[in-house]
Amino acid sequence: MSVLSAHVLDEIRELPDKYPQHRSAVMPALDLAQEELGYLTPQAMSEVAEALQLDPGYVEGVATFYTLFHLQPIGRHRFYVCTNLSCTLRGANEIVDHLKGAIGVHEAGDVSKDGLFSYEEVECLGACEYAPVARLDRRYEVDLTDQKVDALISERRNPVPQPPHPALRADLPAKRGGKRVKKSG
């Protein structure tokens, strides 16, 4: 029984064609597996290796080397807070302290009781001019303050449903050539 869905395995098998060297597909493949499962299990890494026709030891080596890959469960929303010099000078340590209290954890790697949040301190996110900085849900959050952190947490705890894109709404007429036309039938 596979832990990865057939769809994800198909996506992984297509990756090597996008890279000059076959092995370069391992990081995006691990990212797809982690996105589906929330973290990388030994079986998931084996399935990635098999799908890419790579040595399982190589795949595990990549997964354990990079800090953005997780081998244990993490929060659904993970804060990666830069604590390098520029961010520290602009209050990153205070942001980390506030974040820990706001999500209810004691140290990096802990998961909030609701399973929504965890955090990790990282060395650099490459956005020093916007310090303090964090990455959350694949977006950079810049010029962080306690209030911004609270707002980010609140947005994820209480998401506001977004209306469907107008092109997907059934109650609107179809749009062709930049003009609205009535649906036939």
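The values are calculated or read from the model by the stated rules, or taken from the named source; none is laboratory data. Given the structure is predicted, the values throughout are model-derived calculations rather than measurements. Cβ coordinates were reconstructed from backbone atoms using ideal geometry, including for glycine residues, and neighbour counts include every protein chain displayed. Accessible surface areas use protein heavy atoms only, side chains included; no ligands, DNA or RNA. Shrake-Rupley method; radii C 1.70, N 1.55, O 1.52, S 1.80 Å.
Hey, how many Å between the Cα centroid of segment 4-55 and the Cα centroid of segment 112-166?
Each part's Cα centre sits 27 Å from the other's.
Can you tell which of SER24, GLN162, GLY101 lies farthest toward the positive end of the dipole of the chain, using +1 and -1 charges on the Cβ of basic and acidic side chains (Lys, Arg; Asp, Glu)?
Positive-most Cα among the choices belongs to GLN162.
Find me the longest stretch of the chain that has none of the exposed GluC sites (Glu not before Pro), where exposed means in a DSSP loop (not H, G, I, E or B) with at most 11 other Cβ atoms within 10 Å.
1-106
Using r as the Cβ-Cβ distance of LEU89 and MET1, and R0 as 41 Å, what FRET efficiency do you calculate, to the nearest 0.05? Provide the component values of the computation, followed by the final result.
Details: r = 51 Å, r/R0 = 1.24.
Computed FRET efficiency for LEU89 and MET1: 0.20.
According to a simple spin-label model (label point 7 Å from Cα along Cα-to-Cβ), what is the distance in nm between ARG13 and ASP31?
2.2
Taking a quarter of the surface of the convex hull around the Cα atoms of segment 1-134, what do you get in nm²? Working shown, then result.
Numbers: hull surface 37.6 nm².
Directional mean of the projected Cα hull area for segment 1-134 stands at 9.4 nm².
Which residues' amide hydrogens lie under 5 Å from the amide hydrogen of HIS77, considering only partners 5 or more residues apart or on another chain, with H built in the peptide plane?
PHE117, SER118
At most 15 other C-beta atoms within 10 Å and a DSSP loop state: those are the exposed chymotrypsin sites (Phe, Trp or Tyr not before Pro) I care about. Give me the longest piece of the chain that has none.
67-185
Picking from HIS98, HIS77, HIS22, which is most flexible by a Gaussian network model of the chain using Cα springs under 10 Å?
Most flexible of the set in this elastic network: HIS22.
Lysine pairs in the chain 8 or more apart or on different chains: how many have alpha carbons under 25 angstrom apart?
Here the count comes out as 4.
Scaled to the compact-protein estimate 2.2 N^0.38 Å, what is the alpha-carbon radius of gyration of segment 94-134, rounded to two decimal places?
For segment 94-134, the normalised Cα radius of gyration comes out at 1.25.
Round to a whole number: what % of the accessible area of the chain belongs to carbon and sulfur, probe 1.4 Å? Don't skip to the end; give the middle numbers.
On the way: 6080 of 11680 Å².
Summing carbon and sulfur atoms, their accessible area is 52 percent of the total for the chain.
With every protein chain present, what is the per residue accessible area of segment 1-42 (1.4 Å probe, Å²)? Present the calculation step by step, with values, prior to reporting the outcome.
Working: 2600 Å² over 42 residues.
Per residue, segment 1-42 has an accessible area of 62 Å².
Ratio of alpha-carbon Rg to the 2.2 N^0.38 Å globular estimate for segment 72-172, to two decimals, please. Present the calculation step by step, with values, prior to reporting the outcome.
Details: Rg = 15.5 Å, N = 101, 2.2 N^0.38 = 12.7 Å.
My calculation over the Cα atoms of segment 72-172 gives 1.22.
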